[in-house]
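To start, the structure under review is shown below, and the notes come after it.
Any read-out appearing in this document is the output of simple, stated calculations on the displayed coordinates, not a laboratory observation. Nothing here was measured: the structure is a model prediction, and the numbers come from that model. Ideal geometry is used to build each Cβ from the backbone, glycine not excepted, and the neighbour counts take in all protein chains shown.
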Amino acid sequence: MELISKLISNRPLAALTLFLVSFALYSPSLKSDFVWDDVEMITKSNVSYDTSSIIYYIIPDKIENKQERYYRPVVYLSWVADNGIWGISPFGYHLSSLIFHSVSVVLFYFFAALILREFDAAGIEPAAFLSAFLFALHPMHVESVSWVAGRSDVLCAIFLFLASISHILSYRISWFLALAGSGFLLSLFSKEVAIVFPILVLVFDLMNRRLFNWSNIPKYAVYLGVMLLYLYLRAKAFDIPEVDGGIVNGGLEHAPSGGDHASKAALYLGLIKTLLGSYLTYLDKLILPFGFDPFITAVPRETPFLISSIVLLSVLAVLSFISIKMREKVTAFSIFWILITLAPSALIAIVSITPTPLAERYLFIPSAGYCLLIGYWMVKAGSRARLKRIAWGLGLFLIVVFGLTAYRGQRIWKDDLTLWRDISLKSPYHPLPHSNYGLALSNTGELDEAIKEYKIALSPEMKDSPRGLAITANNLALVYLDKEEYEKAEMWFRRALEYDPSYGKTYYHMGLIYYINGELANSPESYREAEQYVKEAMKRYKYYGRANLLLAKIYLRTGEADKAVKEARAAIDVGLPENLLKEARDILEIDNGGSYQEPQ
């Protein structure tokens, strides 16, 4: 006990301990591969992750990028750094994610200590340490830390905690306002959920009786300016994702059409049900984080769930009121933090802009409020002789269970095959898990099993979207291409274009099919067909190094060496995997007086 007390009272040592504990807990992920979006966004990306593109991704070209969904330059910069240090080694990317998570835990520790001090709480040091310890171990962080593409939540949390700490300190030292504004901007550049920071600031200032202080005007003006700057850059570069005809996840798409009162009532009722179901799911996973589901396909909307949600939210409201009434403000602030930071995720459940309406990674930032609440009350209870054993026992139980659950939860993120096998079993009636499981099977050479999964995903019962069907059909065609069954491959590529004529990668693969046909039959007509399809693909992607390279190879076959060299150089500039990079460099030898050698 004395050793623990010394550790807790020494903040630098406590911070180092928290860093090492959080790092050690997630160290198994260092052995994990790239999974899910990691593959497309890192190893097969059309984007070049080099320093020459940094300014472009902070202030992108308006016309070229209007079809993008996210504006997260900090995440992009983190991948640029990883690529520069590690290339495309999964180990390096996972190492960065572990470091980011450990840093977020340390920053949360200092944030918790500041909040507890500002609200005159007792036991500041032990409560802050326990809160941060629980935050380091919370099982709902597994998705954000073990999945490289999920690091946006971790990066956002780092800068959100930094901005919150700086806002509090700015009341003592004015120059911290600049750090608060910078942290806010960087958190917005990491993930959109940071838009709630001004609301959190207002809640804190209101509870701390500083809201109507005239000295706050410059602070609020800075935060407003940061938000407007972000919205300007976001709108300049990327469209706000459209809602497909007002469709809302969870069943609102079945609301009656028309403009009468009944239709509007059904619409609003569906929206309320979705919000309540979303909050219940998130709060349940936050409080009892012992079951993992990386692919939550539906929002619970049944009456028992809605009643439970109303009751739970009412209890939280009552607890907040009592907390404020009793001038014990930590409880109220913690609850407000949870509910406010969950709001953007609940809105995602309403609007159909993601494959799933809910996701466990969205709990990374809200869990800070939960951990602060639990840590604070355990220390408070532990200060009373009658409750001391219960508090210590419960705290130890949570630490052990959280740690073991988080440690074991990393297993399914080991590789794509493990992940999608697990998801396809948990979500057997959704097409995407079967499609992605098929892709994982094909990548490991299990081609016949992959074909079965693809055909399950393409079955009418799955009711996939045109784009989803096109992606699955395209990937199925690639399996037949690997099996050298070119007629079946072409058939499924054409089927993919029927499903969604706007899917650019299928045009590239049709070009590849015609290039192969040209090789087999020595047919100039096939090469010209290939050229047209590849150009169609390039109209849809500004950066597509593979398409440039294929076009270069086509021009070599048609005797247009100058064009081949130009496209090979463009492919290298855009970015290619190492094996394809060698092909492009071989083509450039023509321009240097050498002769092109077909790669072996």
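Things to note:
- Separation of the alpha carbons by more than 18 angstrom is noted, of Lys505/Lys582; Lys31/Lys414; Lys535/Lys563; Lys463/Lys488, for Lys505/Lys582; Lys463/Lys488.
- Over the chain, relative contact order from alpha-carbon pairs under 8 Å, at least 6 apart, %: 14
- Helix axis angle, 329-350 relative to the chain longest principal axis, alpha carbon, degrees: 20
- Restricting the GluC sites (Glu not before Pro) of region 502-580 to loop positions (DSSP other than H, G, I, E, B) with no more than 13 neighbouring Cβ atoms within 10 Å leaves nothing.
- Coordinate range along principal axes, alpha carbons of region 436-545, Å, largest first: 41, 27, 24
- From helices alone, the chain scores -22500 deg cm²/dmol at 222 nm; the rule is -39500 (n - 2.57) for each run of n ≥ 4 DSSP H residues, then divide by the residue total.
- Computed over region 268-314: relative contact order in percent, which uses C-alpha pairs under 8 Å that are six or more apart: 54
- Option label - mean projected area of the Cα convex hull in nm² computed here, alternatives [x] 40.8; [y] 44.7; [z] 30.9: [z]
- Within straight-line reach of Lys325, meaning a Cα separation under 30 Å, sit the following lysines at least 8 residues removed in sequence or on another chain: Lys219, Lys285, Lys380, Lys388.
- Amide H contacts of Leu358 (H built 1.01 Å from N, under 5 Å, at least 5 apart or other chain): Ile296
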